Structure formats: structure tokens, C-alpha cells
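Here's the structure we're looking at; comments come further down.
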Amino acid sequence: IFGVINMIKKHLVEGGPDYFAVIFDSKGKNFRNDLYKDYKANRPPMPDDLAVQIKPLHEIIRALGIPLLVIDGVEADDVIATLAKQAANQNIKTIISTGDKDLAQIVDKNIHLINTMSDVLLDPNGVKEKFGVPPERIVDYLTLVGDSVDNIPGVPKVGPKTAVKWLNEFGDLDQIVSKADKIKGKVGENLREFLPKIPLTKELVTLKYDLDLDLNPIDLIICEADNDELHKMYNKWDF
């Protein structure tokens, strides 16, 4: 709780944002579970000592006057992507605080990522430097390598280096698929066997950024903090 609240306050002090929100995943399944029953099936349940911190975190964030969003049926990344794209369309520059590689797919001149743990800021050039491909090829890259954390299958034995090599050589995933018969060796065999699964994997790794939300970025205004409530909670948690 203490670490997250300090990160949030750091963004507020150093970034001076006009609009701000903290976005959590909702409980329960989402549309990706409907697409693929084994989505995130390998993940152990959240440890009890972490799970009990979620409700107090929500309470403190609300008491700080910060908009807190938890949208059922979709993941936090999809909500973030939708709001960021809406903001970009309104020429509002957006910084997303995350260590999640999936959000690299929406980085552009108006949308950047920051890893609060390392203070590394990723713009389009930063994404290319980190992953070897530009933001518009991140979905193709993730489709090829899969995501073991989310239990999303990729092409067997194809890691980041091979994915980057293919994308730089052929251009994009469609070109790789169309020329799969030209890729030699065992890895070429693996790709050809995986071809029927590519559409599902691509759909799983692609963020939704067209959600029908009942708010938009300019609604995300920080209100006056409830200092009495904060005082009680900070005392309770020995801050």
C-alpha cells in the first residue's frame, strides 16, 4: 500500500498532470477467458498478504480524490488503452505508468510509457530500442513469441531474437505467414504447424482501445482530498 501510494504521489508531483486516473483489473473473467479457456490458467492465486491490500488501496486512492476505475469484463490494460487513444485523438499527451510490455503496442508521439520502478520512459524510439521492433509491430512480435505469464501460446521455440529477425526480414506477420514455406529448419516447421493458431493468439495479445466507456479523459479530474479520512487511514496503516 505504502509503495503504490508513494508512486502515485510521485507522478502527481513530478508530472503535474491535468487529468489522472488509477486503473485496476476487475475480479472475475473477461472476454479473453471466453476466447481461450486456458488464458492465465497457469497463474497461482494472488498471495493472501497482497490480496488484503487491494481494498485499503482503493479506499486511500478515493480519499485522495483520485479517479479510480475498475471496469467489469475487460482488463485494466484495455481501459488504459481506450482512454489513452481517446486522449491522443484530443491532442492530450498521455503517460502510462506500467511495466507491462503489452501497452507498448499503443505508444506513439502522444502516448509514452514510464516504468516507475526504473524511471525509464518509452517513446516510439524507446520501444524500438527495447524490443527490436516499432510499436506498430508489437502485436506481431507478441503473436510470434506468445506470453508465458498469461499462458498465451506462441510459435514453439521462437523467442524474441527470432521474432525480431523475421519481422525485420519479412516486414510484418502477414508477410511471415504468406512466406512460411520459405523458412527452413525445425523453427520453420514449428511456424507452419502453428499457423492455424495465429489468429487466436493475435486476438489475445491485441489490446481493445475502442471500449464504450461512460467517461472520457477530460472527466478524470482530481478532486479535493478528504484529509480527515486520510489521517485515519494513514494512522491505521502506520504511515
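Results, tabulated for the structure shown:
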quantity: Residues located in region 87-99, provided they are within 16 Å of the chain's Cα centre (by Cα) and open to solvent by 50 Å² or more (accessible area, probe 1.4 Å); calculated: Ile95, Ser97, Gly99
quantity: So His112, is it at pLDDT 95 or above and loosely packed, with under 15 Cβ neighbours inside 10 Å; calculated: no
quantity: Hits in region 141-193 (condition: over 24 Å from Lys37 (Cβ atoms), open to solvent by less than 70 Å² (accessible area, probe 1.4 Å) and in contact with a Phe, Trp or Tyr (Cβ under 8 Å, 6 or more places away or on another chain)); calculated: Tyr141, Ala163, Val164, Leu167, Ile176, Ile183
quantity: Qualifying position, being among the charged types (D, E, K, R) and free of Cβ contacts under 8 Å to residues at least 24 places away in the same chain, among Asp147, Asp140, Asp119; calculated: Asp119
quantity: Members of region 197-239 found to be under 23 Å from the mean Cα position of the chain (by Cα) and hydroxyl-bearing (Ser, Thr, Tyr), listed by number; calculated: Thr201, Thr206, Tyr209
quantity: Selection status of Leu167, touching a Lys or Arg at 6+ places or on another chain (Cβ under 6 Å), farther than 30 Å from Leu213 by Cα and not hydroxyl-bearing (Ser, Thr, Tyr); calculated: yes
quantity: Pair list, Cβ < 9 Å and 6+ apart or interchain, from region 27-43 residues that are in contact (Cβ under 8 Å) with a residue 40 or more places away in the chain to residues that are open to solvent by 70 Å² or more (accessible area, probe 1.4 Å) and part of a loop (DSSP other than H, G, I, E, B); calculated: Gly28/Asp72; Asn30/Asp72; Phe31/Lys208; Tyr39/Lys29; Lys40/Val149; Asn42/Ser148; Asn42/Val149; Arg43/Val149
quantity: Matching helices (runs of 4 or more DSSP H) fully within region 120-239 where at least 2 residues are among the β-branched types (Val, Ile, Thr); calculated: 138-145, 160-170, 173-178, 198-205
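The values are calculated or read from the model by the stated rules, or taken from the named source; none is laboratory data. Given the structure is predicted, the values throughout are model-derived calculations rather than measurements. Methodologically, a virtual Cβ is constructed for each residue, glycine included, from the backbone with ideal geometry; neighbour enumeration extends over all protein chains shown. To get the accessible areas, we keep the full protein, side chains included, count just its heavy atoms, and leave off ligands, DNA and RNA. Shrake-Rupley method; radii C 1.70, N 1.55, O 1.52, S 1.80 Å.
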